[in-house]
1. Name, by its number, the condition in (1) under 17 Å from Leu75 (Cβ atoms); (2) open to solvent by less than 20 Å² (accessible area, probe 1.4 Å); (3) of a type outside the set (Val, Ile, Thr) that does not hold for Leu158.
2. With Thr209, Thr144, Thr228, Thr175 as the choices, which residue is farther than 28 Å from Ala96 by Cβ, modelled with pLDDT of 95 or more, β-branched (Val, Ile, Thr) and under 19 Å from the mean Cα position of the chain (by Cα)?
3. Out of the helices (runs of 4 or more DSSP H) lying entirely within region 8-123, which hold 3 or more residues that are at negative phi and at pLDDT below 95?
4. Which one of Glu22, Glu70, Glu89, Glu27 is open to solvent by 40 Å² or more (accessible area, probe 1.4 Å), farther than 23 Å from Gly200 by Cα and of a type outside the set (S, T, N, Q)?
5. Return yes or no: is Leu241 open to solvent by 60 Å² or more (accessible area, probe 1.4 Å), out of contact with any strand residue (DSSP E or B) (no Cβ under 7 Å at 6 or more places or on another chain), in contact (Cβ under 8 Å) with a residue 60 or more places away in the chain and of a type in the set (A, V, I, L, M, F, W, C)?
6. Please indicate, with yes or no, whether at least one residue in region 164-172 is modelled with pLDDT of 95 or more and under 20 Å from Glu16 (Cβ atoms).
7. Has region 211-230 got any residue that is without any contact (Cβ under 8 Å) to a residue 60 or more places away in the chain, more than 30 Å from Lys32 (Cβ to Cβ) and open to solvent by less than 20 Å² (accessible area, probe 1.4 Å)?
8. Can you pull out every residue in region 74-86 that is hydrophobic (A, V, I, L, M, F, W, C), crowded, with 24+ Cβ neighbours inside 10 Å and over 13 Å from Ala115 (Cα atoms)?
Amino acid sequence: MSTQEKLRRDATIDPEDVGRFERLGAEWWNPKGAMWALHRFNPVRLAYLRDLLCRHFPADGRPRDRHDPEPLRGLTVLDVGCGGGILSESLARLGAQMTSIDPGSANIDVARDHAAQSGLSIDYRCMSIEELVVEGGAFDVVLTMEVIEHVSNVESFLGYAAAMARPGGMLVAATLNRTLKSFALAIVGAEYVLRWVPRGTHKWSQFVTPEELAKALRANGLHIVDETGVIYDVASGKWRLSHDLDVNYIVAAERRA
């Protein structure tokens, strides 16, 4: 089977989802617009990544200081499904060398424009993860944050993403669990009652359980090093880490050297 035939067979892009996010345009960066919930969610995932990567990747033989202005300096990070660049910019400000890909050309245009306005150097590319694998290369960190529930072939997607993590590197995935609780909160509650995100943003059948995700990562040579849930604290109006993995959760895995 040729490389192109394999790419077509294992294609991971869901055109419907790509189109939905491309239509957001400048709304990606409106903290009070359609993506306001992601802007609220971003600080907790950013803090989690900062602390995780500081622990895992010492600098000059010493632990990284998470309080340093640029604690991730020198780390190469791939942000898969970067959208308008909300997480990519945050990590770039922490010193990470960012390569950020998305199959939606409109998303990449928005991300590039905003990075330029912000004075940030980020390598944005309009492409799929399978296309990047063909190009080759490897990264210290591969991120698939809030992306898995939007791809058409989870197994192939994770295989491609895992292939981009170098020996000693990490893959971090954030997604939604497939439970009755997630259906009630992430779809009925968030889309239809509270209207945190546009209706149709999520399909419950595409949610992935932590067990399914861990199994797929292990099958691709990775070892699970951390699992944590993320919940919305109604009292504070903020997201926070939790032992509850029933709805939103994050899994970190390493490729041992």
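The values are calculated or read from the model by the stated rules, or taken from the named source; none is laboratory data. If you're wondering where the values come from, they're calculated on a predicted model, not measured in any experiment. Using ideal geometry, Cβ is built from the backbone for each residue, glycine included, and neighbour counts are taken over all protein chains shown. Calculation scope for accessible area: heavy atoms of the full protein, side chains included, ligands and nucleic acids excluded. Shrake-Rupley method; radii C 1.70, N 1.55, O 1.52, S 1.80 Å.
1. With (1) under 17 Å from Leu75 (Cβ atoms); (2) open to solvent by less than 20 Å² (accessible area, probe 1.4 Å); (3) of a type outside the set (Val, Ile, Thr) applied to Leu158, the lone miss is (1).
2. Thr209
3. Working: elements: 15-22, 36-56, 86-93, 105-118.
Helices (runs of 4 or more DSSP H) meeting the threshold: 15-22, 36-56.
4. Criteria check complete, one pass: Glu70.
5. No; evaluated as a whole, the condition is false for this residue.
6. No, region 164-172 contains no residue that is modelled with pLDDT of 95 or more and under 20 Å from Glu16 (Cβ atoms).
7. yes
8. Scanning region 74-86 gives Val77, Leu78, Val80.
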